[in-house]
Amino acid sequence: VNRRRATVELGSLGLDGGGDILVKLALAEQQTGDEIGVRGTHPDLAGHLATWCRQHGHRWRTPAEGTTDGAIGIIERGPAVSARWVGAQHAGHADPTRAGAIDADPPGDWGLAARGATIEPGGPTPQFRIHRRDEVWTDRAAALYAQATAAQWDPTKAIDWNAPIDHNQRVEAAVVQVMTFLIENEEAALVVPARFLGQIHPHFREVQQFIAVTVADEARHIEVFTRRATMNGNDLALSTVGGRASLQTLLDEPDYAIASFLLSVMGEGTFVSLLSFLERHAPDPVTRQISYLTRNDEARHVAFSLAHLERHTRIEPDLRSRLARAVEQRHRALQNTSGLNDDVFDALVLLAAGDDTPEAVRSGWHHVQHLQHEMNDARAARLARLGFTTGEAEALSSLHTRNFM
Amino acid sequence: MTITRPFTLGAVAYDPKVVTIWEGFTDWFATQGFAFDYVLYSSYETQAEAHIAGHVDVTWDSPLAWVRTRRLAAAAGRRASAVAMRDTDQDLTSVVLVRADSDITDVAHLAGRTVSTGAIDSPQATLLPLAHLANFGLDPGTSFDVRRFDVMVTKHGDHVGGERDAVKALVSGEVDAACVIDGNQLLFAKEGTIEPDAVRILTRTGLYDHCTMTVLDDIDQTVVDRFVELLLSMSFDDPNVRPLLQLEGLRQWRTGRTTGYTQLEAAVDRLGFYDTDGTIIVEGYPR
């Protein structure tokens, strides 16, 4: 027996102005076969409702004389309304901290749907190559993403581009050479995560968001390094085959864990040391400010990479030997290249020297030697966090590209 | 007749989605072990003639194509049957709209006015509503002017464009009344062509049926029965089938009936569209 459950009141609102939305809301609260009454004064309401019911698979009837409570008609809810929910699955939960929120291997046909949505079965099955939780996930992703968005800076406002440049032209040429080197390295740091970004299943939303901001960070870094290099009217300097060959090995790495390890733990981590060096020793305030701002971003990228790789190596201890092999392989691949180009090394010395006198160069040389030790020690410390023994960490660190990234 | 080809359906290509629809149905029928194929025609008139000539086994007919096929078949001493239709094909109406502030409050007030319609061959937006007005003693073209919007003629008004143009002419004040199928009034309201409360229904036709799957009497009935059985088994709850049903605009297939075509048969006679043998007699039709 069908039961009249509710009456929807439309007033003068017609189905030509949104009345059907109120009708749908009322029907949504009912079961198939239940009835609702509709009251309203729009002159074409009954006819419109008859049409609408036919189109939407509901049954429409006008009430018998004398049985009406002012309803102009009765709608019996048809079965089609709930069809999309038949067999529909919950795609985890929006809140990543809830139990079961993050699926271990979300199906492809969840596609672009929001995590936590109810997924109507069927539809396209997009291929997201990186779809296993243990390959990408870290519980820290949401917090690091929040940090990243809070730490965004505007290159125009965050840097005092009018600060004075007091050093001589030779030192300025060294700054330009270093900036030229930084730009191509940051290009790699943009392109590598960007390539993976579109391959990560959208279920891992926080990871995706973090990487998206990372890409935006690198875009900004490329902007400020370029602006610094050219602010005094200089052209950019030399890009060497050796430098680009080293970066190419990062672009060629198809495995997300290995690419993230080589780029962020090894490369960007080393860059944190380099930018910290530039922040301390750059001859002008603009370069120092840029180095400070970019270093903060890079440190966050390293933290994210360490976080997901710590989790991944814990779950899959064999990953460590794959990571070690990747470092060795990259070392072998780059054995016959020249490593860090002399121009960059010399430029770092001159930049830290701040002048082209013998005494200044002696000091700059000393700082760069110290930098190389610091880079090596910090790399080894990061490797230790991933569970490598001290001996392994030192050995692997020493095999890292001489090109820094 | 012995079927030596897949059971072949004729349909009219009024929109690119028609290919998607029938490709989808072909694949689905294959999963059910039923050999099915389709042929697309550019015009319902060609399709009806091809059906009579035996080029296809079933046609997905507009209501007007049903009328013509039935008449052509009868003239040849044969019989056409309507075997299946969509739930949304049953009990439709057409409406004659006027602007809400119009002084036209009675059908008789249309005398001397201008009424817009869909294409010359649109059952829902031309033939049925004009015949409906004629039943009130208003002779189209004589008692009132008809402004026809001939969009995709020979496709029997399947393209909604003619009706949309007819309604735009009403809203802009070019005409005094417009004829559309009931569902399109709601569609045009939703898409913003009609502002809320901007128009009202002056009069509504009686209930009629729309499209049908038509077969002729020389076909293997067991194959037709299987075809209809499969259509009726299609469930809106099935995610593999639902997209096809949504594209074709239905929730459920129903067995066919011909009781819903009486009004259109009368309209075709009254307005002189086909003669009783199914010959096209209307003037200005490009066939």
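List of remarks:
- Within region B:148-173, the set of residues being in contact (Cβ under 8 Å) with a residue 60 or more places away in the chain and under 22 Å from B:G284 (Cβ atoms) comprises B:M152, B:V153, B:T154, B:K155, B:H156, B:G157, B:D158, B:H159.
- Residue list for region A:34-43, filter: touching a helix residue (DSSP H, G or I) at 6+ places or on another chain (Cβ under 8 Å) and within 14 Å of another protein chain (Cβ to nearest Cβ): A:G40, A:H42
- Boolean, B:A119 is under 23 Å from the mean Cα position of the chain (by Cα), away from chain A (no Cβ under 14 Å) and farther than 26 Å from B:R254 by Cα: yes
- One residue from B:G183, B:G173 being within 14 Å of another protein chain (Cβ to nearest Cβ) and modelled with pLDDT of 95 or more: B:G183
- Restricting B:T154, B:T193, B:T214 to those that are more than 14 Å from every other protein chain (Cβ to nearest Cβ), assigned to a loop (DSSP other than H, G, I, E, B) and hydroxyl-bearing (S, T, Y) reduces the list to B:T154.
- Here is the figure for region B:224-244: residues that are assigned to a helix (DSSP H, G or I), at the interface with another protein chain (Cβ under 9 Å from one of its Cβ atoms) and buried (at least 16 other Cβ atoms within 10 Å of the Cβ) total 1.
- Scan of region B:266-282 for residues that are β-branched (V, I, T) and touching a Phe, Trp or Tyr at 6+ places or on another chain (Cβ under 9 Å), ordered by number: B:V268, B:I280, B:I281, B:V282
- Any hit, region A:263-272, residues being among the acidic types (D, E) and assigned to a helix (DSSP H, G or I): yes
- Test: residue in region A:56-72 that is modelled with pLDDT of 95 or more, away from chain B (no Cβ under 14 Å) and crowded, with 17+ Cβ neighbours inside 10 Å: no
- Region B:47-88 - residue that is surrounded by fewer than 24 Cβ atoms within 10 Å (Cβ to Cβ) and among the acidic types (D, E) and, of those, nearest to B:T259 (Cα to Cα): B:D87
- Any hit, region A:135-144, residues being surrounded by fewer than 16 Cβ atoms within 10 Å (Cβ to Cβ), of a type in the set (K, R) and over 14 Å from A:M231 (Cβ atoms): no
- Filtered residues of region A:117-168 (kept if away from chain B (no Cβ under 14 Å), of a type in the set (S, T, Y) and touching a residue at least 12 places away in the same chain (Cβ under 8 Å)): A:T138, A:Y145, A:T149
- Residue in region A:67-85 that is in a loop (DSSP other than H, G, I, E, B) and among the aliphatic types (A, V, I, L, M) present: yes
- Any hit, region A:2-11, residues being touching a strand residue (DSSP E or B) at 6+ places or on another chain (Cβ under 6 Å), closer than 10 Å to A:I75 by Cα, touching a residue at least 24 places away in the same chain (Cβ under 8 Å) and assigned to a helix (DSSP H, G or I): no
- Of all residues in region B:12-37, those satisfying the criterion of being modelled with pLDDT of 95 or more and part of a loop (DSSP other than H, G, I, E, B) are B:A13, B:Q32, B:G33, B:F34, B:A35.
- Residues being farther than 14 Å from B:E265 by Cβ and in contact with a His (Cβ under 9 Å, 6 or more places away or on another chain) - total across region B:74-87: 2
- Number of the exception - B:V98 against (1) hydrophobic (A, V, I, L, M, F, W, C); (2) surrounded by 17 or more Cβ atoms within 10 Å (Cβ to Cβ); (3) closer than 30 Å to B:R242 by Cβ: (3)
- Evaluation of A:W52 against (1) assigned to a loop (DSSP other than H, G, I, E, B); (2) within 14 Å of chain B (Cβ to nearest Cβ); (3) of a type outside the set (S, T, N, Q); (4) closer than 29 Å to B:M234 by Cβ (one fails), failing number: (1)
- Test: residue in region A:22-33 that is away from every other protein chain (no Cβ under 11 Å), on the phi > 0 side of the Ramachandran plot and out of contact with any helix residue (DSSP H, G or I) (no Cβ under 8 Å at 6 or more places or on another chain): yes
- Check on B:R5, more than 14 Å from every other protein chain (Cβ to nearest Cβ) and assigned to a helix (DSSP H, G or I): no
- Index of the failed condition, A:G14 passing every other in (1) of a type outside the set (D, E); (2) assigned to a loop (DSSP other than H, G, I, E, B); (3) more than 8 Å from chain B (Cβ to nearest Cβ); (4) touching a Pro at 6+ places or on another chain (Cβ under 9 Å): (3)
- Neighbours by Cβ (under 7 Å, 6+ apart or cross-chain): first from region B:69-91, away from chain A (no Cβ under 14 Å) and farther than 29 Å from A:W60 by Cβ; second aromatic (F, W, Y) and buried (at least 20 other Cβ atoms within 10 Å of the Cβ): B:R71/B:Y274
- Number of residues in region A:77-116 that are under 23 Å from B:R86 (Cα atoms) and at the interface with chain B (Cβ under 9 Å from one of its Cβ atoms): the value is 7.
- So A:H370, is it at pLDDT 95 or above and surrounded by fewer than 18 Cβ atoms within 10 Å (Cβ to Cβ): yes
- Subset of region B:166-182 (residues that are under 25 Å from B:Q90 (Cα atoms) and in contact with a Phe, Trp or Tyr (Cβ under 8 Å, 6 or more places away or on another chain)): B:A166, B:V167, B:V180
- B:R254 meets each of the listed conditions (1) within 14 Å of chain A (Cβ to nearest Cβ); (2) surrounded by 18 or more Cβ atoms within 10 Å (Cβ to Cβ) apart from (2).
- B:L264 within 20 Å of the chain's Cα centre (by Cα), on the phi < 0 side of the Ramachandran plot and assigned to a loop (DSSP other than H, G, I, E, B): no
- Inter-residue pairs, beta-carbon under 9 Å, first surrounded by 13 or more Cβ atoms within 10 Å (Cβ to Cβ) and in region B:257-280, second at pLDDT below 95, 6+ apart: B:F273/B:Y285; B:I280/B:R287
- Residues in region A:318-349 that are charged (D, E, K, R), in contact with a helix residue (DSSP H, G or I) (Cβ under 8 Å, 6 or more places away or on another chain) and more than 16 Å from A:V175 (Cα to Cα): A:R320, A:R322, A:E328, A:R330.
- Selection from region B:266-279 of residues that are out of contact with any Pro (no Cβ under 8 Å at 6 or more places or on another chain) and within 27 Å of B:L207 (Cβ to Cβ): B:A266, B:V268, B:D269, B:R270, B:G272, B:F273, B:Y274, B:D275, B:T276, B:G278
The values are calculated or read from the model by the stated rules, or taken from the named source; none is laboratory data. Bear in mind the structure is a predicted one, so any value in this text is a computation, not a measurement. Methodologically, a virtual Cβ is constructed for each residue, glycine included, from the backbone with ideal geometry; neighbour enumeration extends over all protein chains shown.
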